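Below: one structure, written as C-alpha cells.
The values are calculated or read from the model by the stated rules, or taken from the named source; none is laboratory data. Since we're looking at a predicted model, the values are computed, not measured. Here the Cβ positions follow ideal geometry from the backbone for every residue, glycine too, while neighbour counts run over all protein chains shown.
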Amino acid sequence: MPTPTYKGSTKWKQQRGTSFGSSREGQDHIELKYRGPSHSVHSFLKVWTKNKSCPEKGFSHCKLVQAPSVKEDSHGYSTAVLRFEGIEQGGGEAQLGERVISEITYSFNANWLSFRIDKFPNNEKEMPTWYSYLGESMTARYTSQERPTKDNLIGGTYAQTHLTKPEPMRKDSGEGPKAHLLTQNVDYVWIIPNGAFTYEETGGFYDVTEVWETFLESNN
C-alpha cells in the first residue's frame, strides 16, 4: 500500500484545548492536545515517554503520567492527549530533580489522639489531665535515585505548610480546665517530629514512602 501524500502539516503540532487545574492537596495537572499524521504515531510516542517534563511555561514541575492517549480523528490524522501531573516544590525543585525521578504524590489522614498535662497552677492534687484532639498525618510517595535516610527526606517542608494545626477538642479526665480554655505555647505546644519512612529498592531505584504526623504535647 503506498504511503499517503499529506497536503496539510506533516508534523505533530500542539492544538487548542489545553486544560489545567490543582487539587485540594496542591497537586497541579495539565492536559495538552497534539495532532499529526497517523503514520508517525510511533515516532511521536518515542518522544513523549512517561515522566517527561511538561513543556508549558510554569508547569515544568509536572511530569507525563503515562504514554499519550492517541485516537485517529480523520483519514490519515490522529489526535493525542498528554496529561502531566506534579506538585511544585518551590526553591528546592532543581535540587530534588537531581534524585527524584517521578512525581511526588501526597495523601492525608486524621485520627483521634490524646495528650496529658501533669499539673496546672491551681491544681493542688497535681493529677494529670488528659485531652483529645484530631491529629493529621501526611504520606508522601515518590521514586528516588538515592537511598532515603533520616537526613534526606523531602516531605518536611510540605508537611509544615499543609498539615492542619490541631487544637484540644475535649477534656477526657482530670481536674484541669476545659479544652477550649487551653492556650497554645502556654499549656501545650504543636510539634511535627522527623518523618518516618520505608522504601523498596529495584534496580538501583528506591520507591519511597514517607509519613509525617502532627502532635500536641504539654508545655509544662
Among the residues of the range 27-64, write down those that are of a type in the set (Gly, Ala, Ser) and surrounded by 13 or more Cβ atoms within 10 Å (Cβ to Cβ).
Gly36, Ser38, Ser40, Ser53, Ser60
Kindly indicate whether any position in the range 182-194 is in contact (Cβ under 8 Å) with a residue 60 or more places away in the chain and within 30 Å of Lys63 (Cα to Cα).
no
Can you pull out the residues in the range 19-51 that are under 25 Å from Ser102 (Cβ atoms) and in contact with a Lys or Arg (Cβ under 7 Å, 6 or more places away or on another chain)?
His29, Glu31, Tyr34, Asn51
Exactly one condition in (1) in a strand (DSSP E or B); (2) modelled with pLDDT under 90; (3) surrounded by fewer than 18 Cβ atoms within 10 Å (Cβ to Cβ) is not met by Tyr142; state its number.
(3)
Please specify each residue of the range 50-67 satisfying the condition of being touching a Ser or Thr at 6+ places or on another chain (Cβ under 7 Å) and farther than 16 Å from Tyr142 by Cβ.
Cys54, Ser60
Could you tell me which of the residues Ser144, Ser173, Ser218 is of a type in the set (Gly, Ala, Ser) and more than 22 Å from Leu113 (Cβ to Cβ)?
Ser144
Of these, Gly155, Gly176, Gly203, Gly195, which one is farther than 27 Å from Ile87 by Cβ and modelled with pLDDT under 90?
Gly176
